[in-house]
Amino acid sequence: MQQKTQSKLLPTESVWSGQTWRRRLLISFALNVNKRTFLKTMAAAPLAAWMEKQRLTNWAGNLTYSTERLKDADSLEQVQRFVRSQQKLRVLGSRHCFNSIADSRYNLLSVMPMHEVVSIDEAARTVTVDAGIKYGQLAPYLDGKGYALHNLASLPHISVAGACSTATHGSGEKNGNLATAVAGLEMVTAAGDVVKLSRNDGEAFRGSVVGLGSLGAITKVTLDIQPTYNVKQYVYENLPFAQMQDHFDEIQASGYSVSLFTDWQQNRVNELWIKSRVGDGPAFAAPREFFGAKLATRNLHPIAAISAENCTEQMGVPGPWYERLPHFKMGFTPSAGKELQTEYFVPRQHAIEAILAVEKLKDQVSPHLLITEIRTIAADDLWMSMAYKRPSVAIHFTWKPEWPAVKQVLPLIEKELEPFQYRPHWGKLFTMDPGELKSRYERLGDFVELAKKYDPQGKFRNDFVNRNVF
């Protein structure tokens, strides 16, 4: 595992403000060039404009955070001290959210330097990790010890705590989202106290796992593990929509994890990805033709125009679970890189109706779309999960970075999905009315009360959660 890294802040300052940061960079620049060179540089390319481009953004670059006051913490004690010293803050993870759920106008706290495996409990079949560890760091370590997680998201670049706090998921009819693997949490409350929760804490635990960053700063997570396993991955091309409609259940049951990729053109699913566990029940036979789709003869990227070198191995080659369940390799740029993302969850029984409702909008959707992915997720009992108490189908949109146009399309999609009581992904883009969003979560009132217990003054709340949750 990687060694812990120290905070990059000066010992004499716990946080640099944006103004201080710019001033010091300007002075440093000036001290290292002569006056004439400095003036020429400022005239040719204003330093302020250059510095503006270096402001803190999310990974896709579509969101610039509202403050540069970022504190890196590499210990529980540092987290406690910082939380106690601030009136308002949010915890920032691996920055894979596309909306402002993790933003703050005041202070940001990062626990990403805390990325160690704390312990494995072989009797309980659990692993405890620091909150900042990424799945791409944890998974190979677990596999080396003979263990695995039940599932992974499409990319391994995300932090464990952040993914679980937003109910991020993979695919599979019987697979719950990543948060369903959480067996315990350690977090620092608004008062700076350490609270530990486990499944033995019942309702408080179920309300805290998908906490949306609003209960406290998570510092450790305990996850269920199982014996390691191998997976084979097959890709099919050009599945006719009519076949998908008639055989959706059979297609979804064909593998441990199944994904359908479509650009909504030519009445087809462009690519069908089937991930099958080796030695776990009947193996997928991988016929040359599957409900009209043709077995691919080379590795493919979900977006046809992009090279498959970023993608995990296909063609039925068996490999470790962590090198097959994600679509993208840890060491490469996931998906398209510069993009926007939206995702809506509908009840599993309405899958076909919902997919066909979106298909009607293909002329409005496709010009701005890179690809849509359709996945299934098992129901869970986590209060603020998008799959709370209902098996779900998630319809995911990876958009071109054209927010003004995408913003106009989202209400059209949401209107079509309204009859199915959709729930948007907490970390992705949507335009749903906050009042309507709140009505989709039957335990919302209980969650608000739980948040008040750990954070009475709303220290961890921001504009996003105040608008959409509180």
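The values are calculated or read from the model by the stated rules, or taken from the named source; none is laboratory data. Quantities reported herein were computed from a predicted structural model and do not represent experimental measurements. With ideal geometry, Cβ positions are generated from the backbone for all residues, glycine too; neighbour counts draw on all protein chains shown.
I'm told Leu197 meets every condition in (1) in a strand (DSSP E or B); (2) over 30 Å from His115 (Cα atoms) except one. Can you identify the failing condition by its number?
Result: Leu197 fails condition (2) only.
If you check Ala204, Ala181, which single one turns out to be under 17 Å from the mean Cα position of the chain (by Cα) and surrounded by fewer than 23 Cβ atoms within 10 Å (Cβ to Cβ)?
On the way: Ala204 fails: under 17 Å from the mean Cα position of the chain (by Cα).
So the residue among Ala204, Ala181 that is under 17 Å from the mean Cα position of the chain (by Cα) and surrounded by fewer than 23 Cβ atoms within 10 Å (Cβ to Cβ) is Ala181.
Take the residues in the range 256-271 that are buried (at least 23 other Cβ atoms within 10 Å of the Cβ) and out of contact with any helix residue (DSSP H, G or I) (no Cβ under 9 Å at 6 or more places or on another chain); name whichever of them is farthest from Gly170 (Cα to Cα).
Of the range 256-271, the ones buried (at least 23 other Cβ atoms within 10 Å of the Cβ) are 256-257, 259-262, 264, 269, 271.
Next, only the ones that are out of contact with any helix residue (DSSP H, G or I) (no Cβ under 9 Å at 6 or more places or on another chain) stay: 256-257, 259, 261, 271.
Values: Tyr256: 11, Ser257: 8, Ser259: 9, Phe261: 14, Glu271: 17 Å.
Applying the filter and picking the extreme gives Glu271.
Can you work out which of the residues in the range 272-290 that are within 29 Å of the chain's Cα centre (by Cα) and more than 17 Å from Asp246 (Cα to Cα) is surrounded by the most Cβ atoms within 10 Å (Cβ to Cβ)?
Restricting attention to the range 272-290, the residues satisfying the condition of being within 29 Å of the chain's Cα centre (by Cα) are 272-278, 280, 284.
Then keep just the ones that are more than 17 Å from Asp246 (Cα to Cα); that gives 273-278, 280, 284.
On the way: Trp273: 25, Ile274: 22, Lys275: 27, Ser276: 24, Arg277: 20, Val278: 14, Asp280: 11, Phe284: 19.
Across the range 272-290, the extreme among qualifying residues is Lys275.
Only one of Lys196, Lys232 is within 22 Å of Pro140 (Cβ to Cβ) and basic (Lys, Arg). Can you tell me which?
Working: Lys196 fails: within 22 Å of Pro140 (Cβ to Cβ).
Checking each option against the conditions leaves just Lys232.
Name the pairs: first residue in the range 210-227 and within 11 Å of Ala131 (Cα to Cα), second residue of a type in the set (A, V, I, L, M) and surrounded by fewer than 23 Cβ atoms within 10 Å (Cβ to Cβ), Cβ to Cβ under 6 Å, at least 6 apart or on different chains?
Cβ pairs passing all conditions: Thr219/Leu76; Thr222/Ala183.
Does Leu450 qualify as being crowded, with 16+ Cβ neighbours inside 10 Å, over 11 Å from Tyr344 (Cβ atoms), modelled with pLDDT of 95 or more and hydrophobic (A, V, I, L, M, F, W, C)?
yes
So, in the range 291-312, exactly how many residues are outside any loop (DSSP other than H, G, I, E, B), of a type in the set (A, V, I, L, M) and surrounded by 18 or more Cβ atoms within 10 Å (Cβ to Cβ)? Working first, answer last.
Going residue by residue through the range 291-312, those that are outside any loop (DSSP other than H, G, I, E, B) are 293-295, 308-311.
Next cut, of a type in the set (A, V, I, L, M) only: 293, 295, 308.
So of that shortlist, the ones also surrounded by 18 or more Cβ atoms within 10 Å (Cβ to Cβ) come out as 293.
Number of matching residues: 1.
So which residues in the range 197-209 are free of Cβ contacts under 8 Å to residues at least 40 places away in the same chain and either over 23 Å from Val465 (Cα atoms) or of a type in the set (Ser, Thr, Tyr) (or both)?
At the first step, the residues of the range 197-209 found to be free of Cβ contacts under 8 Å to residues at least 40 places away in the same chain are 197-202, 205.
Result: Ser198, Arg199, Asn200, Asp201, Gly202.
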